[in-house]
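Please treat every number below as a calculation from the coordinates, not as lab data. Everything numeric here is computed off the predicted structure, so don't read it as measured data. Methodologically, a virtual Cβ is constructed for each residue, glycine included, from the backbone with ideal geometry; neighbour enumeration extends over all protein chains shown.
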Amino acid sequence: MKAMVLEKVGKVEENPLKYKDVDIKKPEGFEILIKNLACGVCHSNLHMIEGDWVQYGLPGKSNIIPGHEIIGRVEELGDNVTDLKKGDIVGLQPLYSACGKCEYCLSGREHLCPYGKWTGETVDGGYAEYMIADSRYVNKVPSNIDPVNAPLFCPGVTAYTAVKKAELSPDKTVYIVGIGGVGHIALQIAKLYGSRVVAVTTSKNHEDLAYKMGADDVVIMDRNYENADMLAKTADAAIIFAPADAAIKNSIKFVKDGGVVVQGVRGNQGEFDFTRELKIKGSKIGTRQDMNEVLKLAADGKIKVESKTYKLEEANEALKALKHGEVNGRAVLKMY
Ligand SMILES: [Zn+2]
Ligand SMILES: [Zn+2]
């Protein structure tokens with residue numbers, strides 16, 4: 001099969017992913033072989049590929065195939081798989097598998113499992129024609145969801161769990177900070193709570209997308225948030241997906257005292273002012289149950305993914321476009 005393989009981390013301008021022939025593996029035990037139909041191109045893929053995450057031990061193996069938001073068709077089953085059949089359409093999220101036994105797995109927080117394997121980061125992912133998955137950790141995809149919606153499996157679930165933590169209700173105002181792959185889905189989910197939803201972005205290009213996704217208002221911030229003071233203490237909650245210290249520090253200022261801040265990206269918050277009694281929560285992806293809830297919303301037409309498609313062999317191009325802010329919504333490698 002063909003795959004985009006990362007042999008050595010490097011800047012995407014130097015095309016670090018190589019289009020190569022790779023052997024198709026045979027599924028064993030609970031594994032399945034999937035024919036990948038679509039795989040989203042995530043900002044975290046970009047970080048790993050460019051070497052930003054070497055400090056966290058990622059990529060976790062050499063010659064890795066990236067990609068962790070995938071929809072594909074089951075082609076072959078390991079001997080222990082009984083609940084799936086050939087031809088089923090399934091999806092995988094960044095959590096490839098978890099131990100199933102630790103305190104997190106036992107309490108419905110498997111995405112915090114310290115023994116988790118990570119799709120496209122510690123095991124091969126979806127920038128390929130085929131991949132191996134753990135049948136116990138995939139979700140069946142409802143038949144009316146087009147595979148190009150593969151980003152439901154990372155930005156979709158990331159947006160869903162972050163909005164859930166923001167304590168929204170119809171009388172609340174929430175700011176969604178950063179209108180990229182995750183933010184444009186978070187806007188739609190926040191609207192389902194009946195709250196007033198404001199998109200905050202540094203990109204004028206994202207204004208139309210934000211309104212299209214249901215934002216009640218869009219605020220354009222200067223590159224370094226110099227005009228942030230006008231929003232001080234005006235939100236009940238802020239949900240941050242813009243990976244920049246200025247975005248995070250200022251979003252905390254936007255929230256009224258006693259309000260909620262949900263941070264879904266890496267970055268510095270600055271000094272913590274305990275007198276404001278803010279609730280600051282981290283959020284990353286979600287569980288298989290969260291994923292089923294996201295798929296239900298998508299199947300019911302309540303959320304959709306805005307995507308720009310590329311061919312598998314164009315993954316370096318997709319990453320460059322993402323890096324330079326040229327993708328509206330999500331870049332997706334489409335293989336059907
Ligand atoms: Zn992702
Ligand atoms: Zn565990």
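Listing for the model above:
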item	result
Rounded to whole Hz, the Karplus (6.51, -1.76, 1.60) HN-Hα couplings of segment 55-65, x for glycine and proline	4, 9, x, 10, x, x, 8, 7, 6, 9, 9
Residue-count net charge about R330 - beta-carbon cut-off 9 Å; Lys, Arg +1, Asp, Glu -1	-1
Sum of side-chain charges, I132 neighbourhood, beta-carbon under 10 Å (Lys, Arg +1; Asp, Glu -1)	-3
Inter-label distance, nm, simple model (7 Å from Cα along the C-beta direction), Y193/T275	2.8 nm
Per-peptide average of other Cβ atoms within 10 Å, ordering 290-303, 53-66, 240-253 highest first	240-253, 290-303, 53-66
Cα centre as origin, Lys/Arg/Asp/Glu Cβ charges: segment 157-282 dipole, Debye	360 debye
I24/H324 FRET efficiency (R0 41 Å; Cβ-Cβ; nearest 0.05)	0.75
Cα point-scatterer Debye curve for segment 1-137, base-10 log of I(q)/I(0) at q = 0.19 Å⁻¹	-1.11
24 Å Cα-Cα threshold exceeded, pairs from K165/K204; K11/K165; K35/K164; K172/K249	K165/K204; K11/K165; K35/K164
MRE, 222 nm, helices only [DSSP H, n ≥ 4, -39500 (n - 2.57), over the chain, to nearest 500]	-5500 deg cm²/dmol
Whole-Hz ³J(HN,Hα) from phi, Karplus 6.51 cos²θ - 1.76 cosθ + 1.60, for segment 286-299, glycine and proline x	x, 8, 4, 5, 3, 4, 5, 5, 4, 5, 5, 4, 5, 5
Gained length - D52 relative to Y336, 0.36 nm times residue gap less alpha-carbon distance	99.1 nm
Length gained when the stretch S169-R109 is fully extended (0.36 nm per residue, less Cα-Cα span)	19.2 nm
Peptides ranked, highest mean first, by Cβ atoms within 10 Å: ranges 168-174, 154-160	154-160, 168-174
Under-5 Å amide H pairs with Y310, H placed in peptide plane, nonlocal only	V332, L333, K334
Surrounding net charge for K20, when Lys and Arg each add one and Asp and Glu each subtract one, Cβ distance under 12 Å	-3
Karplus-derived 3J(HN,Hα), 6.51/-1.76/1.60, for each residue of segment 76-93, Hz, glycine and proline x	8, 10, x, 4, 8, 7, 10, 9, 10, 9, 4, x, 4, 9, 10, x, 10, 10
Long-range amide H partners of G120 with built H, under 5 Å	G125
Extent along principal axes [Cα atoms of segment 157-282; Å; largest to smallest]	37, 30, 25
Rg to Rh, two decimals, where the chain supplies the alpha carbon set and Rh follows Kirkwood	0.97
Antiparallel bridges, percent of DSSP beta bridges restricted to the chain (to nearest 5)	55 percent
Long-range amide H partners of E76 with built H, under 5 Å	L33
Segment 271-331: chymotrypsin sites (Phe, Trp or Tyr not before Pro) in DSSP coil with no more than 12 other Cβ atoms inside 10 Å	F272
